[in-house]
Amino acid sequence: MRVTVAVVNTCSSLGIGLAGFGTVGSGVWNTLERNGDLITGRTGGRIALHIAKILVRDPAKARATTSEVPADMFTTEWRALVEDPAVDIVVELIGGTTDAFDIVAAALRANKPVVTGNKALLAERGVELFAISREHQTPIHFEAAVAGGIPIIRTVQDSFIGNRIQSFSGIINGTSNFILGRMAEAGLSFQAALAEAQANGYAEADPTLDVNGWDAAHKAILLATLAYGFPIDASAIHVSGIEQVRPADIAFANNLGYVIKLLAVIREHPDHAVEIRVQPSFIAKSHILAAVHGVFNAVAVHGDAAGESLFYGRGAGQDPTASSVVADLVEAARSLGQVGGHRGFLPYRAAGQLLPVGQTSTAYYVRFDVTDRPGVIAEIARVLADHRIGISGTHSPVNPANPDAEFVDMVFLLHTCPFGQLQTALAEIETLDCVNSPPVVFRIEALT
Ligand code: NAP
Ligand code: HSE
């Protein structure tokens with residue numbers, strides 16, 4: 001039997017104002033060109049989308065698109081894009097927190113739904129923007145802001161709405177994961193690995209945010225805000241990045257049965273204080289997160305009803321991120337004309353409490369740069385003992401080319417204690433004559 005499905009296209013096409021046409025913006029163009037008809041078919045002919053206007057800094061720049069973009073589509077004036085009557089939905093993909101804020105705020109005030117992938121903007125200024133969103137009953141969609149192509153925002157907003165979320169742990173910066181992997185597997189220098197990540201379109205325009213941990217921290221703030229319902233002050237969370245990871249640390253971790261990953265941990269404690277931290281961490285090779293390589297991200301979510309779930313996929317790059325933006329565009333199109341379509345940061349707890357980082361506990365890997373002389377290990381061990389911190393191992397890698405080197409790295413593996421207790425001990429150790437620079441600390445995570 002032959003079945004004919006007739007799709008009746010009852011819609012007129014919605015115009016998109018695309019602010020930003022770099023890696024992600026051009027990916028949105030390509031995806032809509034490739035799959036626009038598919039979207040219209042899958043929405044029963046109700047939604048058709050076309051790009052009406054594009055905001056860039058330099059309209060003359062060559063663009064990575066699969067078809068030519070008409071020159072008259074470009075503008076360098078954001079107001080011309082937001083105010084254009086042909087623009088029904090505004091997509092913000094320029095990055096940053098200043099012009100991007102003005103564009104998003106103006107679009108909301110004009111009752112034009114917004115789609116953004118800008119985690120820095122939402123983590124730092126989301127409270128202001130969601131207030132405008134509520135006032136104007138106009139939504140902001142931000143699936144692309146966390147974990148690239150993984151639909152984690154919608155999962156938390158919708159699929160886990162009936163769960164108390166006990167924790168998230170995950171790898172949520174593709175660039176850092178890519179760099180650590182290339183250093184470990186191909187022996188690349190940090191700079192060479194970063195250059196590859198940039199060439200692949202994974203890194204932020206300013207890659208400092210990728211390597212200093214703040215891109216992952218912005219994403220952690222978004223997840224925590226959704227899960228716990230109170231605004232989170234970015235300055236109150238503990239963030240350190242991968243800049244201090246050296247090939248010797250990676251090799252040492254490997255010998256001990258670990259890999260080093262930039263890990264985000266978000267956890268609600270029994271007193272409802274929320275722990276949020278991002279830092280390079282030793283993860284046992286047997287743990288599933290240790291198998292997350294390259295630009296891939298993974299987020300483990302623990303809900304009181306669902307238990308543990310793991311979400312895995314490409315965390316950055318043109319097409320995966322465009323996938324999330326396009327999904328949001330369809331959601332935004334569906335919301336047009338509906339009153340009260342705003343979602344996202346809906347504060348349902350006026351104030352929540354963050355757990356001070358000093359009270360967070362793990363085991364630790366600490367690398368000291370010391371002047372090698374008899375008694376160095378004992379001097380450091382004595383201070384640790386005075387602060388009741390147990391040592392599970394120490395090691396000082398010998399340089400075969402210079403076994404009598406005066407300055408060496410000395411590594412200590414420490415038992416679990418509160419971070420504040422460790423910081424106090426390290427401050428004292430730093431005053432020892434034999435210690436030449438501030439120690440480098442990575443967490444050793446006992447993930448279940
Ligand atoms: P990008 O490649 O640097 O592109 C930025 C685009 O914005 C460029 O087209 C640039 O114009 C335009 N632009 C920047 N500032 C502008 C301004 N003040 N006025 C007008 N146009 C401006 O950035 P991207 O990688 O696509 O990232 C865009 C956003 O998506 C960021 O918020 C980023 O965090 C987020 N994101 C990126 C990824 C990823 O994998 N790359 C993944 C998830 C989320 P010109 O082209 O003329 O220079
Ligand atoms: N620079 C970000 C990353 C892009 O590498 O994860 C995706 O948010």
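Every number here is computed from the coordinates shown, using simple stated rules; none is lab data. For clarity, every value in this text was computed on a predicted model and none was experimentally measured. Glycine also receives a Cβ, built like all others from the backbone with ideal geometry; neighbour counts cover every protein chain displayed.
Annotation: lysines with alpha-carbon distance below 24 angstrom to Lys112 (same-chain offsets under eight excluded): Lys53.
Cβ crowding within 10 Å ranks Ile172, Ile153 as Ile153, Ile172, fewest other Cβ atoms first. Taking other Cβ atoms within 10 Å as a rough exposure proxy, Phe368, Phe311 sort from fewest to most as Phe311, Phe368. Within a Cβ distance under 10 Å of Thr138, other residues only, what is the Lys/Arg minus Asp/Glu net charge? Local charge sum for Thr138: +2.
Summing Lys and Arg as +1 and Asp and Glu as -1 over all other residues whose Cβ lies under 13 Å from the Cβ of Ala120 gives a net charge of -4.
Inter-part distance, segment 187-253 to segment 44-77, computed on C-alpha centroids, equals 31 Å. In the chain, the longest principal axis of the Cα atoms and the axis of helix 247-256 are about 80 degrees apart.
For Ala62 and Ala131, the FRET efficiency from 1/(1 + (r/R0)^6), where r spans their Cβ atoms and R0 equals 41 Å, is about 0.55.
Annotation: extensible slack from His415 through Thr76 equals 116.5 nm (criterion: 0.36 nm per residue apart, minus Cα-Cα distance). Once the chain from Ala205 to Asp84 is taken as fully extended at 0.36 nm per residue, the excess over their C-alpha distance is 40.8 nm.
Within segment 120-187, the trypsin sites (Lys or Arg not before Pro) that combine a DSSP coil assignment with at most 13 other C-beta atoms in a 10 angstrom radius are Arg164.
Sorted ascending by nearby beta carbons within 10 Å, beginning with the fewest, Ser67, Ser235, Ser240 become Ser235, Ser67, Ser240. Taking the longest Cα principal axis of the chain as reference, the axis of helix 119-135 is set at about 40 degrees.
The angle separating the long axis of helix 376-386 from the principal Cα axis of greatest extent in the chain is about 70 degrees. In the elastic network of the chain, a GNM with C-alpha springs shorter than 10 Å, the most mobile of Val127, Val114, Val28 is Val127. Springs between Cα atoms under 10 Å define the GNM used for the chain, and in it the highest mean-square fluctuation of Ala385, Ala193, Ala333 occurs at Ala385.
Which residues in segment 390-407 have a backbone N closer than 11 Å to a point placed 7 Å from the Cα of Asp372 along the Cα-to-Cβ line? Output list for this probe position: 396-407. Within the same chain, lysines fewer than 8 places from Lys285 are excluded, and of the rest, those with a Cα less than 29 Å from its Cα are Lys219, Lys261.
Spacing of the modelled spin labels on Thr97 and Asn35, each 7 Å from Cα toward Cβ, amounts to 3.2 nm.
Gain on full extension, evaluated as 0.36 nm per residue between Asp158 and Arg246 minus their Cα-Cα distance, stands at 27.6 nm.
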